[in-house]
Amino acid sequence: MENALPLIGLLAWLQVKHFVADYLLQPAWILRGKGDFRHPGGYAHAAIHVAGTIPGLVVFGVDAATVAVAALVEFVIHYLIDHFKAVYSRTHPADVTTRAFWASHGFDQLLHHLTYTGILIAAL
C-alpha cells in the first residue's frame with residue numbers, strides 16, 4: 001500500500017484544483033463563453049484547469065512527456081465536457097431546485113473526475 005500514497009496525494013491535488021478552477025475561478029465572462037466555440041471563455045477555463053494540473057504532475061514526479069500529453073488531453077476533454085453541458089443546459093433549462101439540474105451537474109462533475117482517473121493511470 002505504500003505505493004498508493006503518491007497516487008492518493010495526486011488525486012487529492014486534482015480534486016482541490018478542480019474545486020478552485022470550477023467554483024472559485026469562473027467569472028461571468030468564462031461562464032458565458034462555454035458552449036460557443038468562438039468565445040474564449042471555455043478555452044480560458046480549460047487552460048486554468050491544465051495550469052493547475054501541471055504542477056501537481058511535476059511535484060508527484062511524472063515525466064515531462066506524460067505531463068505534456070496529459071495536459072493536452074485534459075484541455076480537450078475538459079473543454080468538450082463543458083461545451084456540451086452548456087449546450088445541453090441551454091436547450092434543457094432546469095431550475096437549481098430540480099432533480100434534472102442536479103443530475104446534469106452531477107454527470108458533468110463525474111465526467112471530469114473520471115478524467116482524473118485517466119490522469120492517474122498515465123502517472124503510474
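The values are calculated or read from the model by the stated rules, or taken from the named source; none is laboratory data. Note that the structure is predicted; figures quoted are calculated from it, not measured. Cβ coordinates were reconstructed from backbone atoms using ideal geometry, including for glycine residues, and neighbour counts include every protein chain displayed. Note: accessible area is taken over every heavy atom of the protein model, side chains too, but ligands, DNA and RNA are not part of it. Shrake-Rupley method; radii C 1.70, N 1.55, O 1.52, S 1.80 Å.
Here are a few things to note about the model shown:
- Fraction of accessible area attributable to carbon and sulfur, segment 1-89 (%, probe 1.4 Å): 75 percent
- Note on Trp29 and Leu111: with the Förster distance fixed at 25 Å, the Cβ-Cβ geometry gives a FRET efficiency of about 0.60.
- Rg over Rh, two decimals, segment 1-64 (C-alpha only, Kirkwood Rh): 1.11
- Computed with a 1.4 Å probe over protein heavy atoms only, the accessible surface of the chain comes to 60 Å² per residue.
- Between segment 92-124 and segment 1-79, the alpha-carbon center distance in angstrom: 14 Å
- Extension gain, Ala94 back to Arg38 (0.36 nm per residue minus Cα-Cα distance, nm): 17.7 nm
- Sites Phe84 and Asn3 - FRET efficiency at Förster radius 30 Å, r taken between beta-carbons, to 0.05: 0.25
- Percentage relative contact order, the chain, counting C-alpha pairs under 8 Å, at least six apart: 27 percent
- Cα-Cα pairs of segment 53-121 separated by more than 21 Å (percent): 37 percent
- Structure-derived P(r) over Cα pairs in 5 Å bins from 0, in percent - corresponding label in (1) 2, 11, 20, 23, 18, 12, 8, 4, 2, 0; (2) 2, 12, 23, 25, 20, 12, 5, 1; (3) 2, 10, 14, 16, 13, 10, 8, 7, 6, 5, 3, 2, 2, 2, 1, 0: (1)
- Placing +1 on the Cβ of every Lys and Arg and -1 on the Cβ of every Asp and Glu, with nothing else charged, gives the chain a dipole about its Cα centre of roughly 380 debye.
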